[in-house]
Each structure stands twice: as structure tokens, then as C-alpha cells.
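Contents: one structure, followed by commentary.
None of the figures in this text is laboratory data; all of them are computed from the coordinates on show. Values in this document were obtained by computation on a predicted structure and should not be read as measured data. Please note: Cβ atoms are built from the backbone with ideal geometry, for glycine as well, and neighbour counts cover all protein chains shown.
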Amino acid sequence: MKIKVLGSAAGGGFPQWNCNCGNCTLARRTAGQPAVSAHAASPDAANPTVHARTQSSLIVGEEGSADWVLINASPDILTQIRATPELQPARGRRDSGIAAVLLMDAQIDHVTGLLMLRESSRPLNIHATAPVLADLRTGLPLLTVLSHYCGTVEHTLALDGQPFAIAPLKHVRFQALALSSKAPPYSPHRHDPHPGDNIGLLITDTRSGRRVFYAPGLGEIDPAVAQAMRSADVLMLDGTFWDEDEMIRLELSSKPARSMGHLPQSGAGGMLERLGDYADKRRILIHINNSNPVLRHDSPEHAQLRAHGIELAYDGMEIVP
């Protein structure tokens, strides 16, 4: 099994188009520089302190196969495809390495890239929970729009904890786990959370038995999430905010982190503290907001990540569990 990060930023990307916070301003000055891992050497003149990132998504595939499962279709999908040669195997006049799409939720930054795939020569295979598919027929009717183009084949994800396969991958199994969250603002049940509005994924290589737990939107580590984390070898978790009041303090929003469904990294009960129980695993933060100081490689917060042995995802990062 092989996983490749297409995008590692939260909604809006980094730098965000209309944001002039310190991080975004610095990112514009260093535009065009490649991303590096959280364990890169200390920045110098040849290694700027921040690197641009597109909105979060992954691809999952198998060694020797030209087919991939796309997990979330971000608004940056076309940029991500151009940067990922694996997604254009060129087996025919019209071709793509994207065999199927699995959606974690119905949030704009995870689904609107579907519209950019409308020229597909075959219907898009879309795997999502019942609440997500319902939201994509009602509040944000992307499935209706796509029916006038390539069309879709919808596969409803069960939340029964049972492993399932997505063709044509032969040796990868997925398990969907309901997370505590809210539906998107445009959902008819925005204020009535349903199981499956947001999921985590346990991804298993059946040959090696190695597992990855992926949860880019995680507001609470409840017992079921903790069990999934214990069973995994690699954790790819919500890295949106450093502080609970980060957006308020920077005058970017009036909402604290947890109210937006994201567990902050710092503070009592925060992600860094909770990840201390999983020091035997590879731990990677993904879905990083433009306001988060960990984006600066020279920041004290970034140094804390390194001290805890926690990595920061970047666009193009490859993971072989």
C-alpha cells in the first residue's frame, strides 16, 4: 500500500487568497519553494521558513498499479493532478489514475473538486456515507450537477466497522468510523448532527497487516477513535489549529477551534498531549490552517512538534506504512 498527500492545508489553502496574516504574507514572499518535512534541517537562506500548501486530500494505491482511490476532492484538485504524474497513466486518449473517490464529509473544501472531474469518460465512483450523499443532493447538489456531465455511481459507506474494498485495489481495505462533528452550514440538518456527517478511516494493507488511521477533521478522541488509533501503525490526524482561541486572537473569526470541530494541538487535552499515548507510532498532522504557527519552521510551536517526534504533512509527501 502506498499513500500520497495531494494537499495538506485546511480550507482556503496556504496562503489563503484573501488573508494577510503573518503566515500568509510570508508564504507569498517565498512562493514557488518546495515543501519539506517537519523534520527538515533548520531553515536558512536556501530553505524558507514556510511553504505553500493546497487543500487537503490523499490518494491510496498499490505498488505496481496505475489506479488510485482519491480521498476527498478539494477545490485544488486540478493543480494537485498536474503535480502528480501517477494520476495520468495515459493508457488511452482520455484517461486518469483516479479509479474512485471516497469522501470523508460534505464540506466545500473536500467535495467541490468533483466538479473539476466532470469531463471523466466514465461515471465517477463515489463512496460516502448516507448523510454526505444526501447533503450532496440537497444543500450542495453536486451529484445533480454531475448527472448532466459524466454522471456518478454512488456507493453508501456503512458505519458498522466492517472492512470493505474499493475496486480495483486488491490488497487494501477501508473501515469507516463516525466522528463527533457538525454537518456543513448548507446541510438541512446543520443543527442536528447525524452519525456519518464526518468520518475517520482505518486503511489496511492486507498483505503486510500495516494500518493507517486518517482523520483530518477530529474534534474529540472518544473511545472508538482511541481504539482505532491504537490499532494503527501510522496516524494522520487533524492539525488545523494550534490554540483553542487562535482564530479569535488573530481577528480572523469569532469561533474557537472546538466549536468548528477541530481539536487544537496545544493546551490540556490537546492533540500533542493526547498523542503522547501513541509515541510508538508514526504521527503526522494534516489539514493545517493558514493561521497555525507550526507552518513556520522557525517557530517555537514547530520546535515543539519536532521535540515530540510529530511530523507535519506537506504536499507530495509519500507514506508506505
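Couple of notes before you dig in:
- Taking region 187-304 as the region of interest, the helices (runs of 4 or more DSSP H) fully inside it that hold 3 or more residues being in contact (Cβ under 8 Å) with a residue 12 or more places away in the chain and hydrophobic (A, V, I, L, M, F, W, C) are 223-231, 271-275.
- Residue satisfying condition, being closer than 21 Å to GLU301 by Cα and under 17 Å from the mean Cα position of the chain (by Cα), within set LEU237, LEU250, LEU202: LEU237
- If the condition is being over 21 Å from VAL212 (Cβ atoms) and among the small types (Gly, Ala, Ser), then region 262-306 contributes SER266, GLY267, ALA268, GLY269, GLY270, SER291, SER299, ALA303.
- Taking region 39-145 and the helices (runs of 4 or more DSSP H) fully enclosed by it, the elements with 1 or more residues that are touching a His at 6+ places or on another chain (Cβ under 7 Å) are at 130-135.
Listed here are the residues, each with its yes/no results for (1) basic (Lys, Arg); (2) under 23 Å from GLU318 (Cβ atoms).
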{"position": "LEU201", "(1), (2)": "no, yes"}
{"position": "ARG207", "(1), (2)": "yes, yes"}
{"position": "GLY217", "(1), (2)": "no, yes"}
{"position": "ALA224", "(1), (2)": "no, no"}
{"position": "ALA228", "(1), (2)": "no, yes"}
{"position": "SER231", "(1), (2)": "no, yes"}
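- All positions within region 2-24 that are surrounded by fewer than 21 Cβ atoms within 10 Å (Cβ to Cβ) and either in a loop (DSSP other than H, G, I, E, B) or within 14 Å of the chain's Cα centre (by Cα) (or both): LYS4, GLY11, GLY12, GLN16, TRP17, ASN18, CYS19, ASN20, CYS21
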